[in-house]
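Accompanying notes for the structure given below.
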Amino acid sequence: MLVHKAYKFRLYPNKAQEVLIAQTIGCSRFVFNHFLAKWNDTYKETGKGLTYNACSSQLTQLKKELVWLNEVDSIALQSSLKNVADAYSRFFKKQNRAPRFKSKKNNMQSYTTKHTNGNIAIVGNKVKLPKLGLVRFAKSREV
C-alpha cells in the first residue's frame, strides 16, 4: 500500500526570497479571483461552469498579456486554477457552497507547488524551491 506523507517546516528566506514569495502568493490569488469571476459569469449566463482545460488555455493567454505573471512559479498558478475547478466541481455535487473570492487581508496566505523533474530537493539544511532557489529551513526531522 502506497502512503503519502506531508511535512511542515519553518522556512527562513532572505529579503529577496520573501519578496518573491509574496509576489507568488499575490499572483496565485489574482489568478484564482480572475478565473472565479469568469466562472461566475459563465455560470450565470449558461447555468454551467467552465472546464479546467478551457481555463488552462486562457491562463497562457493571460500570461502573455500580463508579463508579471511570468516572474513567479507557473506550477503555483496552475495549482490555484485547479483549486477553482475543484471548488466548482464540489459546488455542483452539492458538497460545498459556491466558492468565494480570496482576500489579501486573510491571515492564511499560501501557495502550492508540485515536485516535477527534481525542482524540489533538500540540500543539508536548505530546501530548493522553484524560482526561489535554496531557502534555509528548520530541519526538525529527516524527510
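Throughout, read-outs are computed from the coordinates displayed, never taken from laboratory work. A quick note: this is a predicted structure, and the numbers were derived from the prediction, not measured. Using ideal geometry, Cβ is built from the backbone for each residue, glycine included, and neighbour counts are taken over all protein chains shown.
Could you check segment 10-38 and list, in sequence order, the residues that are farther than 27 Å from residue 88 by Cβ and either of a type in the set (Phe, Trp, Tyr) or in contact with a Phe, Trp or Tyr (Cβ under 6 Å, 6 or more places away or on another chain) (or both)?
Listed by number, the residues that qualify are 11, 12.
How many residues does segment 73-96 hold that are among the hydrophobic types (A, V, I, L, M, F, W, C) and over 18 Å from residue 115 (Cβ atoms)? First the steps, then the outcome.
Residues of segment 73-96 among the hydrophobic types (A, V, I, L, M, F, W, C): 75-77, 81, 84-85, 87, 91-92.
Filter again for over 18 Å from residue 115 (Cβ atoms), leaving 81, 84-85, 87, 91-92.
Qualifying residue count, segment 73-96: 6.
Going through segment 2-16 one residue at a time, which ones are more than 14 Å from residue 130 (Cα to Cα) and either surrounded by 11 or more Cβ atoms within 10 Å (Cβ to Cβ) or hydroxyl-bearing (Ser, Thr, Tyr) (or both)?
Matches in segment 2-16: 7, 9, 11, 12, 14.
Which residues, counting only those in segment 91-143, are hydroxyl-bearing (Ser, Thr, Tyr), closer than 26 Å to residue 5 by Cα and out of contact with any Ser or Thr (no Cβ under 6 Å at 6 or more places or on another chain)? Steps first, answer last, please.
Step one: list which residues in segment 91-143 are hydroxyl-bearing (Ser, Thr, Tyr), which gives 103, 110-113, 116, 140.
Retained after the next criterion (residues that are closer than 26 Å to residue 5 by Cα): 110-113, 116, 140.
Those that are hydroxyl-bearing (Ser, Thr, Tyr), closer than 26 Å to residue 5 by Cα and out of contact with any Ser or Thr (no Cβ under 6 Å at 6 or more places or on another chain): 110, 113, 116, 140.
When you go through 38, 82, 44 one by one, which is the residue that is within 26 Å of residue 129 (Cα to Cα) and either of a type outside the set (Asp, Glu) or in a helix (DSSP H, G or I) (or both)? Quick ask: steps written out before the conclusion?
Working: 38 fails: within 26 Å of residue 129 (Cα to Cα); 44 fails: within 26 Å of residue 129 (Cα to Cα).
Just one listed residue meets the conditions, 82.
Tally the residues that are surrounded by 13 or more Cβ atoms within 10 Å (Cβ to Cβ) and assigned to a loop (DSSP other than H, G, I, E, B), restricting the search to segment 86-97.
Residues meeting the conditions: 1.
If only one of 106, 119, 83 is exposed (fewer than 13 other Cβ atoms within 10 Å of the Cβ) and within 29 Å of residue 19 (Cβ to Cβ), which one is it? Full working, then the answer.
On the way: 119 fails: exposed (fewer than 13 other Cβ atoms within 10 Å of the Cβ); 83 fails: exposed (fewer than 13 other Cβ atoms within 10 Å of the Cβ).
Within the list 106, 119, 83, the selection yields 106.
Can you name the residue in segment 92-117 that is of a type in the set (Phe, Trp, Tyr) and touching a helix residue (DSSP H, G or I) at 6+ places or on another chain (Cβ under 9 Å) and is also nearest to residue 77 (Cα to Cα) among such residues?
111
If we keep just the residues of segment 17-61 that are charged (D, E, K, R) and closer than 18 Å to residue 82 by Cβ, which is surrounded by the fewest Cβ atoms within 10 Å (Cβ to Cβ)?
At the first step, the residues of segment 17-61 found to be charged (D, E, K, R) are 18, 29, 38, 41, 44-45, 48.
Adding the requirement that they be closer than 18 Å to residue 82 by Cβ leaves 29, 38.
Details: 29: 18, 38: 16.
So the residue we want is 38.
Is one or more of the residues making up segment 63-75 closer than 18 Å to residue 31 by Cβ, of a type outside the set (S, T, N, Q), in a loop (DSSP other than H, G, I, E, B) and in contact (Cβ under 8 Å) with a residue 12 or more places away in the chain?
Taking segment 63-75 first, the residues closer than 18 Å to residue 31 by Cβ are 63-75.
If we keep only those that are of a type outside the set (S, T, N, Q) as well, we get 63-69, 71-73, 75.
In the following step, the residues that additionally are in a loop (DSSP other than H, G, I, E, B) were identified as 66, 72-73.
Filter once more, keeping what is in contact (Cβ under 8 Å) with a residue 12 or more places away in the chain: 72-73.
Yes: one or more hits.
Restricting to segment 64-80, name every residue that is buried (at least 16 other Cβ atoms within 10 Å of the Cβ) and over 10 Å from the mean Cα position of the chain (by Cα).
69, 72
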